[in-house]
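Here is the structure we will look at, set down as structure tokens.
A short reminder: the numbers here are calculations on the coordinates, not readings from a lab. As the structure is a computational prediction, the values presented were derived from the model and not from experiment. All Cβ positions, glycine included, derive from the backbone under ideal geometry; neighbour counts span all protein chains shown.
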Ligand code: FIX
Ligand code: ZN
């Protein structure tokens, strides 16, 4: 077996702990999205469809029901063009994994397949096919639908861990009380916020992290609603100054920070910050970075600068079935970067070394931070 094959085998076998998703455990009912219509109306594909079909006004697209939107996406990106983008290729990977034809002219066969699935079995099958043992959700108590479920005493599947999202909660009048309340109710594994530029969070957030021994996740570099006509597909990116992150890590050595950056230009600086501060854990290739070429490049850079002490990827899946492609594709890029780094070692690694490193990178380190 070649070195590349040995590494691929170890990476494929390593269980994933997925540090950031937008998935919901089956106990959340309709909030748990799955199936071909959800896959095709993923906002990445909506943006690509509206780009490919400039005569289709976003308003006209969004006025249609979900199945009609999915038909438009299928026609634009899979029938009249080849699914070459990462998000489109991902749908093809998922369909093929279920024995469906990614080159079908329409969605009849795929819809019939998903309609016949029972949700409990589907969740088991997807997690197995994706090699995912645990994941973090994104939980926002300001969302009325989600809030009502938590208030009714919902207990999620133990593989789906809560992560308390602060993007909107941060504006609460009595933030300290809200944090206490929702930490008690959700038992989150970390607190999280997405921002454009980095600034210090309110004191109550850092206090809560200390008191409950919870990491604080910062997702940096998103510029919301650059094109508001595209709705959730309309966000953009900018490179930002990470000096405030250094200050935050230096001033709060007893708080652990999970950090991902959206701009490719920020990837290197984040590695440098993490070299200086062990309480900063770089994670994932977020959103516009979630492409095979950038995952390989980013993982190489992180291995070169940090060794195996980071989390190479998270899925950011919004639709359960996406776990299959996001992890199959990411595993390939991570294995490729690892193979190149092992190839630079004067003595080839043993299988035990490869397995240890693969397990740490795919799930071990994320599992420690998530206590999963
Ligand atoms: O802020 C986030 O967690 C982002 O991942 C989302 O807002 C974004 O829409 C997304 O799904 C990216 O993958
Ligand atoms: Zn996300």
note = Plugging the Cβ-Cβ distance of residue 211 and residue 80 into 1/(1 + (r/R0)^6) at R0 = 51 Å yields, to the nearest 0.05, a FRET efficiency of 0.40
message = Rounded, prolate or oblate, given the Cα gyration tensor of segment 169-234, with a/c below 1.5 counting as rounded?
response = prolate
Spatial separation of Cα centroids for segment 43-117 and segment 293-372, in angstrom = 29
note = What one gets for segment 129-279 as the Kirkwood radius, inverse of mean 1/r over different Cα pairs in Å, is 16.7
remark   = Output for segment 151-205 (equivalent-ellipsoid semi-axes, sqrt of 5λ from the C-alpha gyration tensor, Å, descending) is 22, 14, 8
inquiry  = Across segment 1-66, what fraction of all alpha-carbon pairs, as a whole percent, falls in each successive 10 Å bin from zero upward?
reply    = 15, 28, 24, 22, 10, 1
query = Taking 1 over the mean of 1/r across every pair of different Cα atoms in segment 260-344, what Kirkwood radius in Å do you get?
reply = 13.0
query = With the contact rule set at Cα under 8 Å and sequence spacing of 6 or more, what percent relative contact order holds for segment 1-89?
reply = 24
remark   = Once the mean of 1/r over all distinct C-alpha pairs in segment 54-111 is inverted, the Kirkwood radius in Å reads 12.1
message = Can you tell me how segment 189-276 classifies by the Cα gyration tensor, rounded, prolate or oblate, using a/c under 1.5 as the rounded cut?
response = oblate
key: Calculated FRET value between residue 352 and residue 27, using beta carbons and R₀ = 30 Å, to 0.05   = 0.15
ask   = What order, most packed first, do the peptides 341-347, 317-323 have when packing is the mean number of other Cβ atoms within 10 Å of each residue?
value = 317-323, 341-347
remark   = Averaged over all viewing directions, the convex hull of the alpha carbons in segment 67-152 casts a projected area in nm² of 7.7
remark   = Fewest-first ordering of 369, 182 by Cβ atoms within 10 Å yields 369, 182
key: Convex hull volume of segment 1-146 per residue (C-alpha atoms, cubic angstrom)   = 150
task = Starting from the exponent 0.38 and prefactor 2.2 Å, build the expected Rg for the chain from its residue count and divide its actual Cα Rg by it.
result = 0.98
Principal semi-axes in Å for segment 39-79 [√(5λ), Cα gyration tensor, largest first] = 12, 12, 9
key: the chain: calculated mean residue ellipticity at 222 nm from DSSP helix runs of at least 4, using -39500 (n - 2.57)   = -14000 deg cm²/dmol
remark   = Taking N as the residue count of segment 103-194, its alpha carbon Rg divided by 2.2 N^0.38 Å gives 1.42
message = For 21, 261, which order do you get if you count the other beta carbons within 10 Å of each Cβ and list the fewest first?
response = 21, 261
task = Quick one: divide the alpha-carbon radius of gyration of segment 202-334 by 2.2 N^0.38 Å and tell me what you get.
result = 1.10
